[in-house]
Amino acid sequence: MNDDTLRDVLTNTKRIALVGASDRPQRPSYGVMKFLLEQGYEVIPVSPKLAGQQLLGQTVYASLQSIPGKIDMVDVFRNAEAAWDVAQEAIAIGAKVLWLQIGVINEQAAVLAGDAGLTVVMDRCPKIEIPRLGISPIGQ
């Protein structure tokens, strides 16, 4: 994944579904969600156990399919084995990008999503890539 592609993904993405959201501030998913919200992205947390609750002011959904409207990017904070199912769901909802977080490596899920036309980012974190690439917050 080259920097130009990463920059394109992060500047053209507006609405992110964060799969594997946690209400525990010490969890990486919580910190990344908070950061993305601060950068101006619309972030929709996905967690079956937290569905219907509020997380960082956002309503939590049980699944990708239950989120109203279009999703640009699916950001995955689940284990590598779960990435295959999430990739299938991301394809089904018409997402443009499947982003597998640091440590979430599933080549089969990446191929599946890529073959379906999604841009796939794997083993990276937008909280690291946004400042590294010098991307300004949305709307600034």
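The values are calculated or read from the model by the stated rules, or taken from the named source; none is laboratory data. From a predicted model like this one, the values you see are computed outputs, not experimental measurements. Ideal geometry is used to build each Cβ from the backbone, glycine not excepted, and the neighbour counts take in all protein chains shown. Areas reflect the complete protein model, heavy atoms only, side chains present, ligands, DNA and RNA absent. Shrake-Rupley method; radii C 1.70, N 1.55, O 1.52, S 1.80 Å.
Quick check, is SER63 surrounded by 20 or more Cβ atoms within 10 Å (Cβ to Cβ), among the polar types (S, T, N, Q), under 14 Å from the mean Cα position of the chain (by Cα) and at negative phi?
Spelling it out, it is not the case that SER63 is surrounded by 20 or more Cβ atoms within 10 Å (Cβ to Cβ), among the polar types (S, T, N, Q), under 14 Å from the mean Cα position of the chain (by Cα) and at negative phi.
If GLN58 meets every condition in (1) open to solvent by 20 Å² or more (accessible area, probe 1.4 Å); (2) touching a Cys at 6+ places or on another chain (Cβ under 7 Å); (3) polar (S, T, N, Q) apart from one, which number is that one?
Every listed condition holds for GLN58 apart from (2).
What are the residues in the range 1-14 that are in a helix (DSSP H, G or I) and among the hydroxyl-bearing types (Ser, Thr, Tyr), if any?
THR5, THR11
Can you tell me how many residues within the range 24-49 are touching a helix residue (DSSP H, G or I) at 6+ places or on another chain (Cβ under 7 Å), of a type in the set (Val, Ile, Thr) and part of a strand (DSSP E or B)?
1
Select, from ALA17, ALA21, the only residue that is surrounded by 20 or more Cβ atoms within 10 Å (Cβ to Cβ), of a type outside the set (D, E, K, R), in contact with a strand residue (DSSP E or B) (Cβ under 9 Å, 6 or more places away or on another chain) and in a loop (DSSP other than H, G, I, E, B).
The unique qualifying residue is ALA21.
May I ask you to say which residue of ALA87, ALA83, ALA92 is modelled with pLDDT of 95 or more, farther than 23 Å from ARG24 by Cα, open to solvent by less than 40 Å² (accessible area, probe 1.4 Å) and not in a strand (DSSP E or B)?
Step by step, each of ALA87, ALA83, ALA92 is checked, and only ALA87 is modelled with pLDDT of 95 or more, farther than 23 Å from ARG24 by Cα, open to solvent by less than 40 Å² (accessible area, probe 1.4 Å) and not in a strand (DSSP E or B).
What's the total number of residues in the range 113-140 that are farther than 19 Å from PHE77 by Cβ and either among the aliphatic types (A, V, I, L, M) or within 11 Å of the chain's Cα centre (by Cα) (or both)?
Going through the range 113-140 one residue at a time, the tally reaches 4.
So the check is Cβ under 7 Å with 6+ separation or different chains; which pairs have a first residue in the range 6-27 that's within 14 Å of VAL60 (Cβ to Cβ) and polar (S, T, N, Q) and a second one that's open to solvent by less than 80 Å² (accessible area, probe 1.4 Å) and outside any loop (DSSP other than H, G, I, E, B)?
SER22/SER29; SER22/TYR30
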